[in-house]
Amino acid sequence: MARGYPHGGFGGKPVLPPGERLRVLLVEDDEGDAFLVGELLAETGAAIDLVVATSLNQARQRVAGVDCVLLDLGLPDAQGLDGLRQVLVMADRAAVCVLTGRSDEHLGVAAVAEGAQDYLVKGQVDGVLLARSLRYAVERKRADENTRRLREVELRQAESARLERGLLPQPLMDTDQVSVHTFYRPGRHAALIGGDFFDVVQTAPDRVDLIVGDVCGHGVDEAALGVELRVAWRALVLARVPDDEVLPALEQVLMSERRLQEIFATVATTRLDLVANRATVRLAGHPPPLLLADGKVAPVPAPGGLLLGVRPRRPVAYELDLATENWSLLMYTDGLIEGRVGTGVDRLDVPGLSGLLGEPATGRVPLPELPGWLVGRAEEINGGPLADDVAMLLVCRGRGR
């Protein structure tokens, strides 16, 4: 068994608070050399707890939780750089320093190239130098870990930005008969993008198609699937696939591309006929759009339909006649309405969102700012940030309401 060494401060009175002490595992099969290391550290009063293992196998039993491994390159069960490579794997986030003989300094240089933080030559170090080298090695390892984590965060942010551009495109339209205002905000999940998406495509002078969707879950996989669904929808619409066949085809894409069978999506689509001033709404398990017209707010009474990816079934189209030239249609994901109302268990839900849009203050909010204003009000009522992502499309005609 590896043993606690009686020198080097192990079990003695700490010089610094316990949390600031270093835990060092010495892997050394020569008892004389191990004794010398312990004595050197004891002489300096270094705040270092030293544990000795006489072989690589014993070291595996004690490496957990140590800050630094001090490794002799000549062990009975591991020699030279091969032993170092095994220790680097088992040490995980601990620093590694190697001990070499006077005739093997070239091994120390090679060890640093392999990933060790430092090397020490036996017989050429005193206690102060040894303690300082161990602490510097730990700090270098921590700095390397921080740099690695920062790089990972930067890569994730860059990846999220690329996915966000795919999820939240610029509307593909040139008509001035309607205006479209878009909005997206990630939930409180470390500000990582989720699977909410939207798109707007004009396929004829008098026709505009809109979609808002939500892939269940958060993370890169869900966001990537959301991008695929959005791009597939745009391709289907631009290819003039019959309206009733678009969502079934989108569901086929979802079912073939999802990584788990439990993954599903909700979708709301709207086709605007600008000449007839009519909207055709299809819902697949998604909250209904809200119509603002003549000073009133009302959910579009379209059939709810089934979630995409659960049991394939063609959504039922609902024809909505827009009787006035001044109206707005708000499409959104459920992150906007799933916030709580105060400290109770009730959710804002569709009636609550309709109530917010019906508030007198709403009429004073410029239409381009309305989606952000709604999120702010929903967060006030929720008592904090909304837990889920929120995506919105606000399409307006004339004065908009």
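The values are calculated or read from the model by the stated rules, or taken from the named source; none is laboratory data. These numbers were taken from a predicted model, which means no experiment stands behind them. With ideal geometry, Cβ positions are generated from the backbone for all residues, glycine too; neighbour counts draw on all protein chains shown. Note: areas computed on protein heavy atoms with side chains; ligands, DNA, RNA excluded. Shrake-Rupley method; radii C 1.70, N 1.55, O 1.52, S 1.80 Å.
Work out how much length Ala204 to Arg23 would gain on full extension: take 0.36 nm times their residue separation and subtract the Cα-Cα distance, in nm to one decimal.
Using 0.36 nm per residue and subtracting the Cα-Cα distance, I get 58.1 nm.
Using the heavy atoms of the protein chains and a 1.4 angstrom probe, tell me the accessible area per residue for the chain in square angstrom.
Using a 1.4 Å probe on heavy atoms only, each residue of the chain averages 47 Å².
Could you please report the charge total around Arg347, scoring K, R as +1 and D, E as -1 over all other residues with beta-carbon less than 13 angstrom from its beta-carbon?
Every neighbour counted, the sum reads -4.
Percent relative contact order of the chain, based on C-alpha pairs within less than 8 angstrom and at least six residues apart?
12
What is the sum of charges around Gly127, taking Lys and Arg as +1, Asp and Glu as -1, for the other residues whose C-beta is under 12 Å from the C-beta of Gly127?
Within the 12 Å Cβ shell, the charges total -2.
Quantify, in whole percent, the carbon and sulfur part of the accessible surface of the chain (1.4 Å probe; protein heavy atoms only).
In the chain, the share of accessible area belonging to carbon and sulfur is 53 percent.
How high is the relative contact order of the range 272-370, in percent, with contacts defined as C-alpha pairs under 8 Å that are six or more residues apart?
27
Any idea what the dipole of the chain comes to, in debye rounded to 20, about its Cα centre with Lys/Arg Cβ at +1 and Asp/Glu Cβ at -1?
Computed about the Cα centre, the dipole is about 700 debye.
Hey, what angle do you get for helix 105-114 against the long axis of the chain, alpha-carbon based, 0 to 90 degrees rounded to 10?
Approximately 10 degrees, to the nearest ten.
Kindly write out, for the range 39-54 in residue order, the coupling ³J(HN,Hα) from the Karplus curve 6.51 cos²θ - 1.76 cosθ + 1.60 (θ = phi - 60°), rounded to whole Hz, with x marking Gly and Pro.
Listing the rounded values in order: 5, 4, 6, 5, 5, 7, x, 4, 7, 10, 9, 10, 10, 10, 10, 9 Hz.
Dipole of the range 35-189, Cα-centred, from +1 at each Lys and Arg C-beta and -1 at each Asp and Glu C-beta, to the nearest 20 debye?
380
Report the net charge of residues surrounding Asn146, where surrounding means a beta-carbon distance below 13 angstrom and charges are Lys +1, Arg +1, Asp -1, Glu -1.
+2
Note down the accessible area of Arg401, probe 1.4 Å, to the nearest 10 Å².
Its accessible surface works out to 80 Å², give or take rounding.
Give the angle, between 0 and 90 degrees and rounded to the nearest 10, that separates the Cα long axis of helix 220-238 from the longest principal axis of the Cα atoms of the chain.
Relative to the chain, helix 220-238 is tipped by roughly 30 degrees.
Starting from the residue with the highest accessible area, list His286, His181 in decreasing order, probe 1.4 Å.
My answer, sorted largest first, is His181, His286.
With +1 on each Lys and Arg Cβ and -1 on each Asp and Glu Cβ, how big is the dipole of the range 256-380 about its Cα centre, in debye rounded to the nearest 20?
480
With r as the distance between the Cβ atoms of Leu150 and Asp30 and R0 = 41 Å, compute the FRET efficiency 1/(1 + (r/R0)^6) and round to 0.05.
For R0 = 41 Å, the calculated efficiency reads 0.55.
Just to verify a number: what accessible area does Thr182 come out at with the full protein assembly present, 1.4 Å probe, Å² rounded to tens?
Around 60 Å² of this residue is reachable by solvent.
Solvent-accessible area of Tyr184, probe 1.4 Å, all protein chains present, reported in Å² to the nearest ten, please.
40
Run through the DSSP bridge list for the chain and note the antiparallel percent, rounded to the nearest 5.
The answer is about 75 percent antiparallel.
Given a Förster distance of 45 Å, report the FRET efficiency between Gln252 and Asp77 from their Cβ-Cβ distance, rounded to the nearest 0.05.
E(calc), rounded to 0.05, equals 0.20.
Roughly how tilted is helix 80-91, in degrees to the nearest 10 and between 0 and 90, from the longest Cα axis of the chain?
50
Rounded to the nearest 500 deg cm²/dmol, what is the calculated helix-only ellipticity per residue at 222 nm for the chain, with -39500 (n - 2.57) per DSSP H run of length n ≥ 4?
One gets -11500 deg cm²/dmol as the mean residue ellipticity at 222 nm.
Could you tell me which residue out of Gly383, Leu367, Gly305 lies farthest along the dipole of the chain toward its positive end? Charges go on the beta carbon: Lys and Arg +1, Asp and Glu -1, centred on the Cα centre.
It is Leu367.
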